[in-house]
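**Q** Handing you a structure now.
What follows draws every value from the coordinates through simple rules; no lab data is involved. Small disclaimer: the values here were computed from a predicted structure and weren't measured. Here Cβ is always computed from backbone atoms with ideal geometry, including for glycine, and neighbour counts include all displayed protein chains.
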Amino acid sequence: MEIRPLKIEDYEIILRLWDKAGLPYKPRGRDSYEEMKRQMENDPDLFLGVEEDGKLIGVIIATYDGRKGWLNRIAVDPAYRGRGIGLMLTRAGEEALRKRGAKIIALLVERSNQASLNLARQAGYVVARDILYLTKRESEEV
Ligand SMILES: CC(C)(COP(=O)(O)OP(=O)(O)OC[C@H]1O[C@@H](n2cnc3c(N)ncnc32)[C@H](O)[C@@H]1OP(=O)(O)O)[C@@H](O)C(=O)NCCC(=O)NCCS
């Protein structure tokens, strides 16, 4: 098993993995081919995948806004879950963000997503119960 940077050539495989994992994403917004290509070119170190026997079985996208690091879109192929791959990806994303200078790392998890919540807690994250997530969107697709 190895962690490697993701390339835009992986785009279709990444989408298939997100579909298989049941992860919601925005194929006409920030997860479109053009957007992902632009983001990967800007931050090649922050798009990471786990491969086993040449097969991509997990991904994570880290983002750094200059103040804070974020972990996004983590997904592990259902056939490979419960083997520590989610934790491994989380740590790899954190390491990449720390190299960028991030001293605080955050992530958003839906309240009902127990697996992700447990994973985050296991990785040392603390839930901020009094914070609400507010957004302003150009459309539901972005
Ligand atoms: C969340 C996800 C990435 C976890 O991947 P994984 O490789 O199975 O996770 P790991 O094996 O590294 O598990 C680490 C810890 O997470 C927690 N965890 C993982 N799966 C869990 C489950 N089904 N139920 C409860 N806790 C779970 C456990 O605390 C686990 O530690 P343990 O094995 O010592 O109990 C995977 O379930 C997934 O792809 N889910 C769908 C996509 C998704 O919801 N992404 C997150 C969006 S915020």
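**Q** Where does the chain land at 222 nm, in deg cm²/dmol rounded to the nearest 500, when only DSSP H runs of n ≥ 4 count, each adding -39500 (n - 2.57), divided by all residues?
**A** Here the helix-only value at 222 nm equals -10000 deg cm²/dmol.
**Q** Let me ask something additional. Could you order the peptides 57-63, 16-22, 122-128 from most to least packed, using the average number of other C-beta atoms within 10 Å per residue?
**A** Highest to lowest by the protection proxy: 57-63, 16-22, 122-128.
**Q** Obtain the radius of gyration and the Kirkwood radius of segment 10-62 from its C-alpha atoms and give Rg over Rh.
**A** Rg/Rh for segment 10-62 comes to 0.95.
**Q** How big is the Rg/Rh ratio for segment 2-122, C-alpha atoms only, Rh by Kirkwood, two decimals?
**A** 0.93
**Q** Explain nothing, just compute: Karplus ³J(HN,Hα) = 6.51 cos²θ - 1.76 cosθ + 1.60, θ = phi - 60°, for every residue of segment 82-95 in order, whole Hz, x for Gly and Pro.
**A** Ordered by residue, 3J(HN,Hα) equals x, 10, x, 6, x, 5, 4, 5, 4, 5, 5, x, 4, 4 Hz.
**Q** Could you name the lysines whose alpha carbon sits less than 22 Å from that of LYS55, not counting residues in the same chain fewer than 8 places away?
**A** Answer for LYS55, where 22 Å is the Cα cut-off: LYS7, LYS20, LYS37, listed by chain and number.
**Q** Could you name the aspartates and glutamates in cross-link range of LYS99, using Cα to Cα under 19 Å and dropping any fewer than eight places away on the same chain?
**A** Counting by Cα, and skipping residues close in sequence, LYS99 has these aspartates and glutamates nearby: GLU41, ASP43, ASP45, ASP65.
**Q** Just order 27-34, 80-87 by mean Cβ neighbour count inside 10 Å, highest at the front, would you?
**A** 80-87, 27-34
**Q** Can you list the lysines whose alpha carbon sits under 18 Å from that of LYS103, skipping same-chain ones fewer than 8 residues off?
**A** LYS68
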